[in-house]
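Worksheet: one structure, shown below.
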Amino acid sequence: MKFQALRGMQDLLPKQKATFRVIEDAAREIFSSYGFQELGMPLLESTALYKRVVGEATDIVEKEMYTFDDRNGDSLTLRPEGTAGCVRIAQQHGMLFNQVQRLWYTGPMFRYERPQKGRYRQFDQIGVECFGMPGPDIDVEVLLLCARLWEKLDLTDDITLELNSMGSAEARAGYRLALVEYLADYKDQLDEDSRRRLTSNPLRILDSKVEATKAILVDAPKLADYLDEESKQHFQGLCQMLDSLGIAYQINPSIVRGLDYYNRTVFEWVTSALGAQGAVCAGGRYDGLVEQIGGKATPGVGFAIGLDRIALLLDQKEKGENYPEVPLADIYVVSMGDESRLNAIALAERLRTVYPDRKTLVHCGAGKFKAQMKKANSHGAGIALLLGEEEVQNKQVTVKFLNTGDQETIKQDELVDFLALRSDGW
Ligand code: HAM
């Protein structure tokens, strides 16, 4: 029997992992430049936390969590998202009262969803959460931060911003009544999911992808008409700031988000390049959440980027634009026999100290001289260093420039200076 990865669990091979690293490095640099600090969070939390924070009637809690009892009989859940854990940490460690926080985190999340391109059961998010700032200014800051990341990854033309306001809890309750009343007349024509949501989570019906349901929704009451005055002002303030800063956006009234904690600003950065899984980053405000889990009222706003989806976008672009292959080695050290292998390893160590940014590979294992040279070429190396018996005896090394075929035998002691002088050749 051969073992296979579990359904929806991606194996990231080195090339894919390198793409993830590019995204994470870019994010790390940008988050730091906006004054955000990194947080490390457990993969496991109590199931009760997610029920409370994400919401009992959400798809995530109803049917997507990896939940199990530990040996003590406590119900635990593999984190399906990061906001709940982050809020729990901030509250537990006294980071909220009379303070502002700008935090970020990255790592795997787990949801038992139906896998398809861009949708996995284990996926990586980079998330940001801010606490203690009630105005639209911080909403703008987090959106600018995203825009800068797309720019750095050369994805500005591929991703657009969609915004909505979900108002206050009271405003939503009023709207919910109106929506349910309207939809009740069409109950039999709604799809099965939406019919179920009519009692559990009616706002989520707005998000339906089913054409017949979408048609019914065209004349449904609009959340925007039910917004409270303060939420309206908040949203206007946000839109005005985005306009003056030149950040393009579209208002999309059907963004209601799949998690229960949001109020006021909600947003999604979307692409048309990934088919059905077009949301590459999503988030919004959650001003009532800290209080809901027993803390003092603290405004919050954040988002999470789906790393897997950004990586897919970058990969698609790469194919289109024919990016050059990154070499596996810059210097490949070829040697024959035990004594010269030891010399090769010692020489490579010296080079790694002097050139920590270059990749120096020592040929390990058997292999005739010719086969080793072939490997040097297939690794994309600029230089092969050759250590035959004669070289080792004379404390010499032959440097071969693989692009031109030029080669020269020099003293090993002179190698570092020699390579520095010829740095244009490799
Ligand atoms: P979310 O919309 O559930 O929000 O997820 C955020 C992003 O994670 C999505 O836009 C998508 O790019 C990615 N994502 C979600 N599920 C999957 C999946 N199954 N496979 C691949 N990628 C996926 C949250 O998680 C909130 N915690 C965001 C937030 C933070 N709101 C405020 N602060």
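Just wondering, is there one or more residues in segment 252-262 that are within 26 Å of Gly300 (Cβ to Cβ), in contact (Cβ under 8 Å) with a residue 40 or more places away in the chain, charged (D, E, K, R) and surrounded by 18 or more Cβ atoms within 10 Å (Cβ to Cβ)? Yes, some residue in segment 252-262 is within 26 Å of Gly300 (Cβ to Cβ), in contact (Cβ under 8 Å) with a residue 40 or more places away in the chain, charged (D, E, K, R) and surrounded by 18 or more Cβ atoms within 10 Å (Cβ to Cβ).
If we keep just the residues of segment 95-107 that are part of a loop (DSSP other than H, G, I, E, B) and over 16 Å from Ile293 (Cα atoms), which is nearest to the ligand (Cβ to nearest atom)? Looking at residues that are part of a loop (DSSP other than H, G, I, E, B) and over 16 Å from Ile293 (Cα atoms), I get Val100. Asp137 satisfies every condition listed in (1) farther than 28 Å from Leu314 by Cα; (2) at pLDDT 95 or above; (3) in contact with a helix residue (DSSP H, G or I) (Cβ under 6 Å, 6 or more places away or on another chain) except (3). Would you confirm, using the coordinates I've provided, whether Thr77 is out of contact with any Ser or Thr (no Cβ under 7 Å at 6 or more places or on another chain), in a strand (DSSP E or B) and either at pLDDT 95 or above or of a type in the set (A, V, I, L, M) (or both)? Spelling it out, it is not the case that Thr77 is out of contact with any Ser or Thr (no Cβ under 7 Å at 6 or more places or on another chain), in a strand (DSSP E or B) and either at pLDDT 95 or above or of a type in the set (A, V, I, L, M) (or both). Determine, yes or no, whether Ile159 is in contact with a helix residue (DSSP H, G or I) (Cβ under 6 Å, 6 or more places away or on another chain), within 16 Å of the ligand (Cβ to nearest atom) and touching a residue at least 60 places away in the same chain (Cβ under 8 Å). So Ile159 passes the test.
Given Ala57, Ala48, Ala84, which one is at pLDDT below 95 and either touching a helix residue (DSSP H, G or I) at 6+ places or on another chain (Cβ under 6 Å) or within 30 Å of Arg7 (Cβ to Cβ) (or both)? Within the list Ala57, Ala48, Ala84, the selection yields Ala57.
Within segment 1-51, the set of residues being farther than 22 Å from Arg121 by Cα and basic (Lys, Arg) comprises Arg28 only. Return the residues of segment 108-139 that are surrounded by fewer than 20 Cβ atoms within 10 Å (Cβ to Cβ), of a type outside the set (Lys, Arg) and either part of a loop (DSSP other than H, G, I, E, B) or more than 11 Å from the ligand (Cβ to nearest atom) (or both); say none if nothing qualifies. Correct list: Tyr112, Glu113, Pro115, Gly132, Met133, Pro134, Gly135, Asp137.
When Gly237 is tested against (1) in contact with a Pro (Cβ under 8 Å, 6 or more places away or on another chain); (2) surrounded by fewer than 20 Cβ atoms within 10 Å (Cβ to Cβ); (3) in a loop (DSSP other than H, G, I, E, B), just one condition goes unmet, and that condition is (3). Does segment 57-73 include one or more residues that are touching a strand residue (DSSP E or B) at 6+ places or on another chain (Cβ under 6 Å), closer than 30 Å to Glu141 by Cβ and surrounded by 13 or more Cβ atoms within 10 Å (Cβ to Cβ)? No, because not a single residue in segment 57-73 is touching a strand residue (DSSP E or B) at 6+ places or on another chain (Cβ under 6 Å), closer than 30 Å to Glu141 by Cβ and surrounded by 13 or more Cβ atoms within 10 Å (Cβ to Cβ). Within segment 82-94, the set of residues being more than 10 Å from the ligand (Cβ to nearest atom) and either surrounded by 18 or more Cβ atoms within 10 Å (Cβ to Cβ) or under 18 Å from the mean Cα position of the chain (by Cα) (or both) comprises Arg88, Ile89, Ala90, Gln91.
Consider Asp287 carefully, then state whether it is closer than 30 Å to Leu103 by Cα, within 16 Å of the ligand (Cβ to nearest atom), touching a residue at least 60 places away in the same chain (Cβ under 8 Å) and in contact with a Pro (Cβ under 6 Å, 6 or more places away or on another chain). Criteria met by Asp287. When Ala248, Ala273, Ala282 are screened for being without any contact (Cβ under 8 Å) to a residue 60 or more places away in the chain and either closer than 16 Å to Gly167 by Cα or surrounded by fewer than 23 Cβ atoms within 10 Å (Cβ to Cβ) (or both), only Ala282 passes. A count restricted to segment 23-46 and to residues that are under 30 Å from Ser200 (Cβ atoms) and surrounded by fewer than 19 Cβ atoms within 10 Å (Cβ to Cβ) stands at 5. None of Arg264, Arg257 is touching a His at 6+ places or on another chain (Cβ under 8 Å), within 16 Å of the ligand (Cβ to nearest atom) and either at positive phi or at pLDDT 95 or above (or both) except Arg264. When segment 4-44 is filtered for residues that are small (Gly, Ala, Ser), assigned to a loop (DSSP other than H, G, I, E, B) and under 21 Å from Ala311 (Cα atoms), the ones remaining, listed by number, are Ala5, Gly8.
Got a number for residues in segment 291-322 being free of Cβ contacts under 8 Å to residues at least 12 places away in the same chain and either within 8 Å of the ligand (Cβ to nearest atom) or among the basic types (Lys, Arg) (or both)? Selection size over segment 291-322: 1. Considering only residues that are without any contact (Cβ under 8 Å) to a residue 12 or more places away in the chain and in a loop (DSSP other than H, G, I, E, B), look in segment 389-426 and name the one that is farthest from Arg358 (Cα to Cα). Per the criteria, the residue is Asn394.
The values are calculated or read from the model by the stated rules, or taken from the named source; none is laboratory data. Computed from a predicted structure; not experimentally measured. No Cβ is skipped: glycine too gets one built from the backbone with ideal geometry, and neighbour counts run over all protein chains shown.
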